Amino acid sequence: MTDPYLAVHAPRYGLLIEKVRELAPPEPRILDVAPSYEAEQLRRLPAVVDSLGFRDPRFAPAGGERHIDFDLRDAGRHELWPDLADYDVVVCAEVLEHVPVSPVDVLLLLVAAVRPGGWLVLQTPNAARISNRLRLLRGRSPFELPREGGGQPAHFREYTVDELLAAAREAGLEPGGWLTASYFVTGSRGNAVARRLGPLVPRSLRAGITAWFRRPPR
């Protein structure tokens, strides 16, 4: 039985893997941040795929790979950073919006993991997407409330394209490009319409952001 999350995100994964394939050298070393279903797909490039974040037995490292335990909420504490270096590509897909710290702190950590001339590929929901705007027009907040008992919302903070580009530049990255796409398949009528219209939907209103940044060569 297909995992519902995988069904919703399958088109996004397809775009992610093709972008990494385009940017990476043959048989690259990849760091997957908060690994999910993309980990197995990245290995098929083929690639060595290490992972960073909380340990998830569903996406355990394969032979010769390693998982680095690290809480991204500590990204601003440089003295706690693990030893990360010389990855051809770092993938941070649908993670940034869950982390309750400055995106610049997270990006600085990830920059340290990329070899000079290597790439960071980011995916995150578009805070300015049409579904968020429509909820606001109906007087409803598109953002989840903090959870009882002090728990964080599923999405602590979503970002616009301009915010991502600004944070990446502050972290010392060179923007390579970006796109927005309605690549989430939720099954709702509005989602079906947005996906069917595809390129006709203004870039600023599409659901997801995929952006890629290069660490400058030395």
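Every read-out reported here was derived from the displayed coordinates using simple, explicitly stated rules and does not represent laboratory data. These numbers were taken from a predicted model, which means no experiment stands behind them. Methodologically, a virtual Cβ is constructed for each residue, glycine included, from the backbone with ideal geometry; neighbour enumeration extends over all protein chains shown.
With 0.36 nm allotted per residue and the present C-alpha distance subtracted, the D86-L137 stretch has 13.7 nm of extension available.
Extension gain for the segment R77 to S204, taken as residue separation times 0.36 nm less the Cα-Cα distance, is 42.4 nm to one decimal.
Taking 0.36 nm per residue of sequence separation and removing the Cα-Cα distance, the F54/D162 pair yields an extension gain of 36.0 nm.
If one takes the longest principal axis of the Cα atoms in the chain, at what angle in degrees, from 0 to 90 and to the nearest 10, does the Cα axis of helix 4-23 lie? So the inclination is approximately 50 degrees. Phi-derived couplings, Karplus 6.51 cos²θ - 1.76 cosθ + 1.60 at θ = phi - 60°, listed residue by residue for the stretch 122-136: 10, 10, 7, x, 8, 4, 9, 5, 4, 5, 5, 5, 5, 4, 5 Hz, with x used for Gly and Pro. Projected onto its three principal axes, the C-alpha set of the chain covers 49, 38, 36 Å, listed from the longest axis down. The antiparallel fraction among DSSP beta bridges confined to the chain stands at about 45%. Sorted ascending by nearby beta carbons within 10 Å, beginning with the fewest, I68, I209 become I68, I209. Dipole check for the stretch 115-218: with +1 at the C-beta of Lys and Arg, -1 at the C-beta of Asp and Glu, and the Cα centre as origin, the magnitude is about 340 Debye. Would you mind checking the stretch 24-57 for residues with the amide N under 16 Å from a putative spin-label position 7 Å along Cα→C-beta of Y5? Of the residues in the stretch 24-57, 32-42, 51-57 have backbone N under 16 Å from the label point off Y5. As a proxy for reagent exposure, ranking T124, T210 by other Cβ atoms within 10 Å from fewest up yields T210, T124. Between 0 and 90 degrees, the angle of helix 161-170 with respect to the longest Cα principal axis of the chain falls at about 20 degrees.
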